[in-house]
Structures are given as structure tokens and as C-alpha cells.
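Down below is the structure, laid out as C-alpha cells.
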Amino acid sequence: MMTLIIGTLSNGLLIVLCISVLVLGFGASFFIWQFALRNKSRKIVSEAEAEAEVIRKEKILQAKERFLQLKTEHEKVINEKNSRIGQAESRIAQKEQSLSQKIEEAQRKKNEADAIRGNLTSQLELVDKKSEELERLHRQQVEQLEAISGFSAEEAKNHLIESLKEEAKTGAMSYVNEILDEAKMTANKEAKRIVVQTIQRVAAENAIENAVTVFHIESDEMKGRIIGREGRNIRALEAATGVEIIVDDTPEAIVLSAFDPIRREVARLALHQLVTDGRIHPARIEEMVEKTRKQVEEEILEVGKRTTIDLGIHGLHPELIRLIGKMKYRSSYGQNLLMHSREVANLCSIMAAELGLNAKLAKRAGLLHDIGKVPDDEPELPHAILGMKMAEKYKEKPEICNAIGSHHDETEMTTLIAPIVQVCDAISGARPGARREVVESYIKRLKELESLALQYPGVMKTYAIQAGRELRVIVGAEKVTDKEAEGLSFEIARKIQNEMTYPGQIKITVIRETRAVNYAK
């Protein structure tokens, strides 16, 4: 038992001892940790204080630098303001000086004006004195005249008025008679003056159309290339354009002969492009002629637009503009139709303005009055009636349509513009050398010659060449045989003999050719 108690007590003491050791160990560790923590805290605080001191010094330096920068900028602004103030003060000083000079000048002029005013006052006083003296002398003279004549001034005035009345009546009657006689004499003269003045104010060129065009080449070597082997190139060119090409001994020149100016222009441009390109053969010729025709059509449209812009005429139908451009390649009795129409338009505008009518409407009617001469097809109608129908078709005003249709008296005139167009058309055609009746009849005969041959079946194209001495008829190979071509030539010759009047003889050549065309793909 005792042993058990002693063992128990020993165990308890051992436990107590262990606990005490643990407590002492924890206490010592705590104190050691606290000490180490205090040392570390002191170190961190000292480091933080050192870093704060560095930061404070840096901030102080930055603040000083910023202060110096602001100070510099402030001084710069102050200097600029001082400079502007100085400039303003100098300008103010200059203005003050200028103002002082102007004040002195004004004062000087005022003094001069006062002196002049004083002189004028004295002169006016002198004039008043002179006027009073003259009036007194006039009264004395009137009194003397009254005493000599036995009439008072009022009676003498009445007597003079009566005598002047009788004289004025006699003079007035003779003057009225003279005015009436002069008015009768100058009425017709004034009308002529308007017409002559209108003509003088329009200076148009007198363009005489010819039936040939001379094409210049650089050397005679080119003539051989244009003719081609056995003449195939020149034949292809004549067949494609309908123009006779004359190659003779004339140096560096080829003559293109045709009565139709459009054909001649197409042939000239195509030949120019062929010579420039250097490749001259039948296929190339046909291609170039077709391309040139399109170019001429575009040029016709451009000429029409330019003409309407030059004359200040707006709102025309595009087809009318194209026909106006086509006038460039048409002649009327040898006078270029476009120049003639432009001249008539200007004449109509001037004359209408002289007579107090609508000048723009008159100019429009003058430009369109011969539009019936250039239709795409040529029906059997007078050109004035055809032009009137075309104007009606393209919605022109009734006054313009009537002026177009009546300028050759085919229809009745219903507006005042119609006689103006008729008169101006006659004025333009009456210019010396403006027209040639022979050329017009010649072209008409050639057109009739082509139209006559074109009526036969199988005929594709007809060209009158050599001034109408030869008619070339191109027929389709699939429609006309060689035997029929001979008969066709005979029939056309006989019909021309029976129905037409012409000098000399006409050669009829029927051309039939077969072409085989295929494409390699």
C-alpha cells in the first residue's frame, strides 16, 4: 500500500515537474519571441524612417524643380505681356501722333475755309450791289422805251405775243407738212434700215461645197499600197464607201470624188487611218470604214450639241440635235446648210428683237427651218412640209412648226415669226456668192440616179461616181446570178435613158461578188 502511495506521489510530482518545465519553456520562448519581435520592429521602423526621409527629400527636390519651372513660365508670360503692352503703347503713341497731325491739318483747313468764306461773302455783297445797279438801269431803259413808243410794257408784251402767235402758226403748219412728207418717205426707209442693220450685224462665212476632196499623202510610194495588188485595195475602198478614188500623176495627192459630203468624209478619215496604221488590205479597209462611220455619227451628234450651245437654244429633242449636226455635211445650192441655218437663226433673233417680238423663239425657228433637208429617208414631200412634220413629231411649239412649214409658202402663215423666218432665209441665200444653183441641180440628179437603180430587187448599194458619168450597182450574190446581173445592167441603162435628162452618157457597172466567211475557234 505504502509502495503504491509512494509510486502514485512520484508520478504526480513527475507530472507537475513536466508541466512546470513546459510552462517555463513557453515563458522563455515567449520572452525570446517578444525580444526578437521588438528588434525586428525597431529595424523595420528605422528602415521606414530612412525611406521616408529619402522620399521626403525627393519630394522637396521635385517641388523645388516644379516651382522653378512655374516661375520660369510665369516670367515668360509676364515678359510676353510686357512686350505686347509695349507694342500697344507704341501703336497708341503713333496713333496719337497721327491724330495730332490730322487735328492740326483740320484746323489749318478750317482756317483756310473761314478765309474763303469771308472772301465769298464780300464777293456776294459786291454781286448784290451790281444786281441792284443793273435792275435800276433796266427800269430806266424800259421807261425810256415806253416814252418813245407810246406803249406801256404790258401792252408791248401783248402786241409782241400776238405777232409771234401768227408767225408760229404759219411756221408750225409748214413744219407739220414737212414732217408728214418726211414720214411718208422714211417709212419704207426705216424698214430697209432694220433689214440692212440686221444683215450687217451677222457676218457669216459663205461656204461653197465642192464635189471632191483632195487627200494628201507623204510620198508617192503610198499610192501603190493604196491601189493594192491588181487594184483590189482601191476597189474594196470604193465599194465600202461609195466614193470614187482618183489616183493620177498629181504628186502626193489622191482625189476623192462623190456628191455626198458624208461619204467623202468617211472615205477621207478611213484612208487617213489606214495610211497611218500601214496595214492596207480589203478586210482591214472594211473594218476601218465601219469604224469611221461610227466616228462620223458621233461627230454629227457633237456638232449638233455644240451648235445649240453656241446659239443658246435649249430643250431640243436629241433626234433634232442629230439632224442639226447632219446639216454640216449637207449643202443647199452650194451653201453649207449648217452655216446657212445658223446665219438665219441669228438674223431672225436680231430682227425679232428690233420689232419687239420673242427673239429666242425666232432664233429657234430660224435654226430648224431647213431641218426637212436632212432626213434619214427622203420621202416625196417638200422640205418645208417635211420639216414641219418632224418638228410636230418632236413636240416643238406650234409657232415654230408654222414658221418652218410656211417659209416657202407651202402653208399659210399664222404667226408673226413666220414672215421673219421667210425674210431671213431669203437674206441669207441672197448674199453674193452664197449659193450656186448648178451644184444643187447636179446633186439632185445624182441622188435620183442612185434612187432609180436602188428600186430593183437584189440591189444592196448604189454609188454615182465620176460626176455622174458612172453608176456602180452592188448586188447580193445569193439573190442575183451572173446572167441576171447582165440583164439588170441593161434594164437600168434603159430606164435611165427613158426617165432622166443628163449630159453625155452614163456607164452602169453591176458588181456581184461571192464571199465565204468562217471563223476558227
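The values are calculated or read from the model by the stated rules, or taken from the named source; none is laboratory data. Note that the coordinates shown come from a computational prediction; the quantities given were computed from them, not determined experimentally. When we count neighbours, we look across all protein chains shown, and the Cβ atoms used for this are built from the backbone with ideal geometry, even at glycine. Only protein heavy atoms, including side chains, enter the accessible area calculation; ligands, DNA and RNA are left aside. Shrake-Rupley method; radii C 1.70, N 1.55, O 1.52, S 1.80 Å.
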> What accessible area per residue, rounded to a whole number of Å², is obtained for segment 1-147 using a probe radius of 1.4 Å?
Replying inline: 92 Å²
>> Just want to confirm a number: the relative contact order over segment 460-521, from Cα pairs under 8 angstrom separated by 6+ residues, in percent.
In response: 41 percent
>> Once ligands and nucleic acids are excluded and a 1.4 Å probe is used, how much of SER219 is accessible, expressed in Å² to the nearest 10?
In response: 50 Å²
>> Checking the cross-link filter: which lysines have an alpha carbon closer than 19 Å to that of LYS110, excluding same-chain neighbours under 8 positions apart?
In response: LYS102
> Per-residue accessible area for GLU154 at 1.4 Å probe radius, Å² rounded to 10?
Replying inline: 100 Å²
> Counting other Cβ atoms within 10 Å of each Cβ, which chymotrypsin sites (Phe, Trp or Tyr not before Pro) in segment 455-521 have at most 16 and sit in a DSSP loop?
Replying inline: TYR519
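Going down the table (LYS447/LYS495; LYS397/LYS447; LYS294/LYS461; LYS43/LYS64; LYS395/LYS444), which pairs top 23 Å between alpha carbons?
Numbers: LYS447/LYS495 15 Å; LYS397/LYS447 33 Å; LYS294/LYS461 19 Å; LYS43/LYS64 31 Å; LYS395/LYS444 30 Å.
Too far apart for the 23 Å limit: LYS397/LYS447; LYS43/LYS64; LYS395/LYS444.
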> Considering only protein heavy atoms, what per residue accessible area in square angstrom results for segment 244-361 with a 1.4 angstrom probe?
Replying inline: 43 Å²
>> With a cap of 13 neighbouring Cβ atoms within 10 Å, and only residues DSSP puts in a loop, list the trypsin sites (Lys or Arg not before Pro) found in segment 271-376.
In response: ARG279
>> Net charge around MET500, counting only other residues with Cβ within less than 12 Å of its Cβ (Lys, Arg = +1; Asp, Glu = -1)?
In response: +2
> Ignoring ligands, DNA and RNA, how do LYS483, LYS57 rank by accessible area with a 1.4 Å probe, largest first?
Replying inline: LYS483, LYS57
> Sorting ARG469, ARG512 by accessible area (1.4 Å probe), largest first, what list results?
Replying inline: ARG469, ARG512
> At a probe size of 1.4 Å, how large is the accessible area of LYS109, to the nearest 10 Å²?
Replying inline: 120 Å²
